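*Asks:* Mind looking over this structure? Questions follow.
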Amino acid sequence: MSDEDPDLQRVRFYGVDDLAAGWHVPRAVELVEQFDPNNAPTNTVDVLELHNVQKYLEHGLLPSTLTDAERERVKERIPQIRSAVARHFSQVDNSNFAAKVHGIGHDYHADLLDLLGRSGAFNRCDASTVLPALTSTCVRLG
């Protein structure tokens with residue numbers, strides 16, 4: 001068992017040219033293999049990590065040890081992952097907004113805001129709910 005902070009092991013996509021990309025590739029593939037579309041994560045941090053895994057797949061950042069068939073099998077999961085992420089954020093409303101964003105680490109703040117915006121959560125939720133919840137999670141706007 002590792003004493004390392006689990007958040008430090010989370011997959012984060014910084015871009016195709018970032019040196020950290022290679023570090024996260026094995027974990028990204030591991031998460032794809034563990035992903036069950038019928039039992040998608042409900043924890044927002046896990047969903048944000050899946051979103052970042054999706055970016056690795058979309059850019060073809062996979063271990064060179066994978067065969068062509070394995071690469072295709074992994075890439076076939078992209079629509080299922082995209083759907084699970086979209087489904088999670090489409091369910092955010094006034095009643096659960098604060099709980100959904102609570103404790104999201106700084107590395108995922110930009111993705112959090114992007115996905116909340118794309119899902120229409122900011123249209124479904126009142127500012128009186130959204131702003132205090134984002135502030136308590138240290139998300140900075142603007």
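*Asks:* State all residues of region 83-103 that are more than 18 Å from Val139 (Cβ to Cβ) and among the polar types (S, T, N, Q); if no residue qualifies, say none.
*Replies:* Those that are more than 18 Å from Val139 (Cβ to Cβ) and among the polar types (S, T, N, Q): Ser83, Ser90, Gln91, Ser95.
*Asks:* Could you say whether any residue in region 16-37 is modelled with pLDDT of 95 or more, under 30 Å from Leu131 (Cα atoms) and either not aromatic (Phe, Trp, Tyr) or not assigned by TED's automatic domain parsing to the domain that holds Ala121 (or both)?
*Replies:* No, that holds for no residue.
*Asks:* Then there's this: Applying the selection to region 115-142, what residues are assigned to a loop (DSSP other than H, G, I, E, B), touching a helix residue (DSSP H, G or I) at 6+ places or on another chain (Cβ under 8 Å) and either under 16 Å from Asn94 (Cβ atoms) or modelled with pLDDT under 95 (or both)?
*Replies:* Of everything in region 115-142, those that are assigned to a loop (DSSP other than H, G, I, E, B), touching a helix residue (DSSP H, G or I) at 6+ places or on another chain (Cβ under 8 Å) and either under 16 Å from Asn94 (Cβ atoms) or modelled with pLDDT under 95 (or both) turn out to be Ser119, Gly120, Cys125, Arg140, Leu141.
*Asks:* Right, next: So Leu141 fits all but one of (1) surrounded by 17 or more Cβ atoms within 10 Å (Cβ to Cβ); (2) in contact with a Leu (Cβ under 8 Å, 6 or more places away or on another chain); what number is the exception?
*Replies:* Of everything listed in (1) surrounded by 17 or more Cβ atoms within 10 Å (Cβ to Cβ); (2) in contact with a Leu (Cβ under 8 Å, 6 or more places away or on another chain), Leu141 misses just condition (1).
*Asks:* Based on this model, can you work out whether Ile78 counts as under 19 Å from the mean Cα position of the chain (by Cα) and in contact (Cβ under 8 Å) with a residue 40 or more places away in the chain?
*Replies:* no
The values are calculated or read from the model by the stated rules, or taken from the named source; none is laboratory data. Computed from a predicted model, the values in this text were never measured in an experiment. Cβ atoms come from the backbone with ideal geometry, glycine included; neighbour counts cover every protein chain shown.
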